[in-house]
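To keep things clear, I will list the structure first and then write my remarks on it.
Only the coordinates and a few stated rules stand behind these numbers; no lab work does. Just so you know, these numbers come straight off a predicted model, no measurement behind them. Cβ placement follows ideal geometry from the backbone for every residue including glycine, while neighbour counts extend to all protein chains displayed.
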């Protein structure tokens, strides 16, 4: 047998075996909707369930059914964006509101109200304290 005929036999065997292999089946449970965000906080459910990191640390495993896991007024998605801890209701020391149209962040100081902290927006901030707009 010549080399050419050996190569021809190998190629023929490969072409014959391709239909025998068949495609791999894809099952519904193998698909995950990465865009699913049940609580609307901007983080996909899979990210919240698997945990995520930001400048304040991690991994943070947050509740995909609760948009604000620590009830501090800042959604989990914003906490990730701003680099604050989503499971610590005292982080940040100020409530941060991001205005996308103007690309600004507005900071409101936290005020103790009973056993909880609330952010008081301008003009309800006590005397001597102002909001700071940083561009």
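Cβ crowding within 10 Å, taken as a proxy for footprinting-reagent exposure, orders 63, 101, 41 from fewest neighbours to most as 101, 63, 41.
Could you calculate the contour length gain from residue 89 to residue 49, that is, 0.36 nm times the residue separation minus the distance between their Cα atoms, to one decimal place in nm? Working it through step by step, the gained length comes to 12.4 nm.
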